[in-house]
Amino acid sequence: ARVDEELNKVILIFRYLQDKDVFESFYKQHLAKRLLNQRSVSEEAERAMVSLLKAECGYQFTSKLEGMFNDMRISRDTRESYRNFKLMQQQQAIVLGESKSSGMVDIEVDVLTTGYWPSQAVPQCILPDSVKSAIERFNKFYLQKHTGRKLSWQTSTGSAELRATFGEESKLRRHDFCVSTYQMCALVLFNDSPTKTLAQIREATNIPDAELRRHLISLCTPKHRVLRKSSRGKIIASDETFTFNKDFTSKLKRVKIPLVSMKE
């Protein structure tokens, strides 16, 4: 009941807005983040808000918002279907003595309809080969079920879980990191070499420069210093060098690395 009261207060203010299309644009962006990052407190409350907006402005105003909810429902079903498909494949491989699942990357995909969701014209970054293979497997599964469709991967969004090993051979420590897709792409480069320059990381990942700097500096903060940068401070120099910090420690086994704000 209290949620309904608060929503009605919001609608009351909404009625006085002149640029309701501007409100819709911002609301859609924030709703997308809540749905995709699973940060919504209540899906019921989210739907109630959309229903109130629909009552105020009509179906046309909320059609894309309702489409977003529908996409999330279908995506849940698709993920479940894909999990069952992979399980069946693994069982068949074991029977045939061809089990190759160890070391394979697992992915969970939200399939979103172009036009419903806020879109950004961001070029695709270069993903690690193991992730590309996982994407190819999902593509094959999905397009067999939905012929004629095309999947366009939004590599500027999403998250990843990585297991990293620190310390010396005699005493190794392992942590599971929750990072962004961009951070994942940068971190796996250090499997080949303990030190990388900014230019090398940019070339190997194709991440836009401003975003690359923001995601790298987030891996160099005092609390989450997975990488050490050659210069001090928050600014990343054009000739910056990053080194994998094998001395990293944390009380937590599972560590979430937040993105820092780059406001000067």
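Structure notes:
- For segment 131-163, taking the residues that are open to solvent by less than 90 Å² (accessible area, probe 1.4 Å) and of a type in the set (Val, Ile, Thr), the one that is nearest to the chain's Cα centre (by Cα) is identified as Thr157.
- Of the residues making up segment 163-177, at least one is aliphatic (A, V, I, L, M) and either assigned to a loop (DSSP other than H, G, I, E, B) or closer than 30 Å to Phe248 by Cα (or both).
- Unmet requirement for Ala199, which otherwise passes all of (1) of a type outside the set (Phe, Trp, Tyr); (2) buried (at least 18 other Cβ atoms within 10 Å of the Cβ); (3) modelled with pLDDT of 95 or more: (2)
- Cβ pairs under 7 Å, 6+ apart, first in segment 107-130 and touching a residue at least 12 places away in the same chain (Cβ under 8 Å) and open to solvent by less than 60 Å² (accessible area, probe 1.4 Å), second among the small types (Gly, Ala, Ser) and assigned to a loop (DSSP other than H, G, I, E, B): Val122/Ser156
- Wholly within segment 198-264, strands (runs of 3 or more DSSP E) carrying at least 3 residues that are of a type outside the set (D, E, K, R) and within 25 Å of Leu127 (Cβ to Cβ): 241-244
- Pairs where the first residue, in segment 90-101, is closer than 17 Å to Arg137 by Cα and the second is surrounded by fewer than 11 Cβ atoms within 10 Å (Cβ to Cβ) and modelled with pLDDT under 80, C-beta under 8 Å, 6+ apart: Ala93/Lys100
- Count - residues of segment 29-68 that are within 20 Å of Val109 (Cα to Cα) and surrounded by 17 or more Cβ atoms within 10 Å (Cβ to Cβ): 6
- In segment 170-196, residue surrounded by the most Cβ atoms within 10 Å (Cβ to Cβ) [restricted to those that are more than 22 Å from the chain's Cα centre (by Cα) and of a type in the set (Gly, Ala, Ser)]: Ser193
The values are calculated or read from the model by the stated rules, or taken from the named source; none is laboratory data. Keep in mind that what you see is a predicted model, and the values were worked out from it rather than measured. Note that we place each Cβ from the backbone using ideal geometry, even for glycine, and neighbour counts take in every protein chain shown. Please note that ligands, DNA and RNA were not included when accessible areas were found on the heavy atoms of the full protein model with its side chains. Shrake-Rupley method; radii C 1.70, N 1.55, O 1.52, S 1.80 Å.
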